[in-house]
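S.K.: Got a structure for you, written out below as structure tokens; questions coming shortly.
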Amino acid sequence: MSDLISIVVPSYNVEDYIDKCVDSICHQNYENIEIILVDDGATDGTGTKCDEWAGRNARIQVIHQENQGLSGARNAGIRASKGKYISFIDSDDMIAPDYVSTLYSCITENGTRMAQGLSKNFFKEEDIAGFVSRDDRRVVSGYDMCKTLMSEYKMGWGIVMTKMFEKSLFDELEFPLGHIHEDEYLVYKLYWNAGQVALTDKIVYYYRSKRKGSITHSGYSLNHLDAVYARQERCEFFKDLGEKELYQLAKLGLCTTEIENLKKLKESDVEDKDSYIDKIEQDLRANLKEIWKAEHISAKKKVSLWMARYMPGLKGILKK
């Protein structure tokens with residue numbers, strides 16, 4: 001018999017989008033799923049719509065809770081889940097009809113604890129019909145997944161929604177409460193702990209771009225420094241493991257994030273921003289010195305990082 005797979009959908013003020021999301025989950029070609037809708041204290045009609053869906057489909061259960069943020073909603077879904085495997089879908093996005101079957105078969109055919117597909121952004125739902133991809137598969141070590149995550153930009157790698165996990169991977173991990181950039185805190189740990197990841201080049205996740213009011217597309221605030229804090233934690237993770245190459249790549253990523261946030265912070269109207277700016281600049285100076293001596297960072301990346309810090313205008317011109 002096929003394994004039960006849990007799909008956790010954190011939901012907050014998405015009454016205009018949640019029907020499309022849940023409908024795409026209900027129409028999976030893999031039927032042995034449970035769908036856990038977590039109403040995270042929504043103030044619109046989201047909670048009511050969740051209940052309506054549960055009344056129409058026996059595979060759906062609803063959790064109503066006070067607002068705890070995306071991490072708190074996901075953690076509640078994990079605790080309530082009964083599946084051997086688990087995935088997370090954002091409530092304003094959609095998934096391909098074979099999202100579950102594709103990722104599940106990647107895991108079972110390769111004996112891994114985790115699988116990952118591709119995501120693609122859409123502005124209009126009718127765009128999805130034109131998405132084309134190939135189901136080319138391979139298995140990659142957790143080490144190389146972490147290395148790629150930190151050295152290249154690949155759509156869908158840094159988020160949990162493109163993935164399926166053996167639920168036991170969350171026995172000692174949870175999403176960090178009170179933070180945005182939640183996935184930055186967790187994805188590399190999941191890659192590492194999984195040991196191996198089964199990959200497919202198939203587009204399985206449809207990411208809705210620039211929804212008004214979404215956290216990702218809101219204005220700059222101190223909450224966005226969570227990206228810096230998450231990458232500081234990532235550096236410590238690989239340093240403690242004694243993985244020198246991964247540590248240096250993590251440090252490179254931290255420098256890039258610090259530079260990006262410094263620029264946005266300086267241009268923002270955040271109160272008391274000077275103290276944050278001073279702290280980040282002090283940390284960045286030390287990190288840049290360390291990167292300049294790092295043997296696992298190429299000269300090209302070192303120069304690019306130096307230009308981003310001290311000559312951002314020239315770096316932008318050279319990119320054109």
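S.K.: Quick check on my filter: what residues within region 52-74 are out of contact with any Leu (no Cβ under 9 Å at 6 or more places or on another chain), more than 27 Å from His27 (Cβ to Cβ) and buried (at least 17 other Cβ atoms within 10 Å of the Cβ)?
M.R.: Matches in region 52-74: none.
S.K.: Here is a follow-up. Only one of Ala227, Ala250 is under 20 Å from the mean Cα position of the chain (by Cα) and touching a residue at least 60 places away in the same chain (Cβ under 8 Å). Can you tell me which?
M.R.: Ala250
Yes/no matrix, rows are residues, columns are (1) over 25 Å from Met145 (Cα atoms); (2) in contact with a Ser or Thr (Cβ under 6 Å, 6 or more places away or on another chain); (3) in a helix (DSSP H, G or I):
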{"site": "Tyr220", "(1), (2), (3)": "yes, yes, no"}
{"site": "Phe237", "(1), (2), (3)": "no, no, yes"}
{"site": "Asp240", "(1), (2), (3)": "no, no, yes"}
{"site": "Ile280", "(1), (2), (3)": "yes, no, yes"}
{"site": "Arg309", "(1), (2), (3)": "yes, no, yes"}
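S.K.: Run down Leu222, Leu190, Leu149 and say which single residue is within 23 Å of Val8 (Cα to Cα) and either assigned by TED's automatic domain parsing to the domain that holds Asn287 or of a type outside the set (Phe, Trp, Tyr) (or both).
M.R.: Leu190
S.K.: What number of residues in region 160-204 are of a type in the set (A, V, I, L, M, F, W, C), touching a Phe, Trp or Tyr at 6+ places or on another chain (Cβ under 8 Å) and under 30 Å from Arg134 (Cβ atoms)?
M.R.: 12
S.K.: Test each condition in (1) aromatic (Phe, Trp, Tyr); (2) within 27 Å of Arg285 (Cβ to Cβ); (3) touching a helix residue (DSSP H, G or I) at 6+ places or on another chain (Cβ under 8 Å) for Tyr229 and report the one that comes out false.
M.R.: Failing condition for Tyr229: (3).
S.K.: What number of residues in region 287-298 are exposed (fewer than 11 other Cβ atoms within 10 Å of the Cβ) and under 19 Å from Val228 (Cβ atoms)?
M.R.: Of the residues in region 287-298, 1 are exposed (fewer than 11 other Cβ atoms within 10 Å of the Cβ) and under 19 Å from Val228 (Cβ atoms).
S.K.: Now, a different point. Got a sec? Which of Leu254, Leu246, Leu265 is at pLDDT below 95, buried (at least 18 other Cβ atoms within 10 Å of the Cβ), in a helix (DSSP H, G or I) and in contact with a helix residue (DSSP H, G or I) (Cβ under 9 Å, 6 or more places away or on another chain)?
M.R.: Leu265
S.K.: Among residues belonging to region 98-116 that are in contact with an Asp or Glu (Cβ under 8 Å, 6 or more places away or on another chain) and outside any helix (DSSP H, G or I), point out the one that is nearest to Gly253 (Cα to Cα).
M.R.: Met114
S.K.: Name the pairs whose Cβ atoms lie under 7 Å apart, with the first residue in region 56-81 and at pLDDT 95 or above and part of a loop (DSSP other than H, G, I, E, B), the second among the small types (Gly, Ala, Ser) and surrounded by 21 or more Cβ atoms within 10 Å (Cβ to Cβ), and 6 or more positions between them or separate chains?
M.R.: Taking only residues 6 or more apart or on different chains, the pairs are Ser81/Ser6.
S.K.: Here's another thing I want to ask about it. Run down Asp135, Asp92, Asp144, Asp127 and say which single residue is of a type in the set (Asp, Glu), at pLDDT 95 or above, outside the structural domain of Ala230 (by TED's automatic domain parsing) and part of a helix (DSSP H, G or I).
M.R.: Only one candidate passes the filter, namely Asp144.
S.K.: Could you please tell me which pairs satisfy a Cβ distance under 9 Å, a separation of 6+ or placement on different chains, a first residue in region 9-36 that is under 13 Å from Ala54 (Cβ atoms) and charged (D, E, K, R), and a second residue that is in a loop (DSSP other than H, G, I, E, B) and at pLDDT 95 or above?
M.R.: Short answer, once both residue conditions are applied: Glu34/Leu4; Glu34/Arg59; Glu34/Ser81; Glu34/Lys82; Glu34/Gly83.
S.K.: Scanning for something over 25 Å from Asp90 (Cα atoms) and among the aliphatic types (A, V, I, L, M), does region 204-218 turn up at least one residue?
M.R.: No, because not a single residue in region 204-218 is over 25 Å from Asp90 (Cα atoms) and among the aliphatic types (A, V, I, L, M).
S.K.: Could you pull out the residue among Trp157, Trp192 that is among the aromatic types (Phe, Trp, Tyr), in contact with a helix residue (DSSP H, G or I) (Cβ under 8 Å, 6 or more places away or on another chain) and part of a helix (DSSP H, G or I)?
M.R.: Result: Trp192 is the single residue among Trp157, Trp192 that is among the aromatic types (Phe, Trp, Tyr), in contact with a helix residue (DSSP H, G or I) (Cβ under 8 Å, 6 or more places away or on another chain) and part of a helix (DSSP H, G or I).
The values are calculated or read from the model by the stated rules, or taken from the named source; none is laboratory data. This structure is a prediction, so every number in the text was calculated from the model and none was measured. Positions of Cβ are generated from backbone atoms using ideal geometry, with glycine treated the same way; all protein chains shown enter the neighbour counts.
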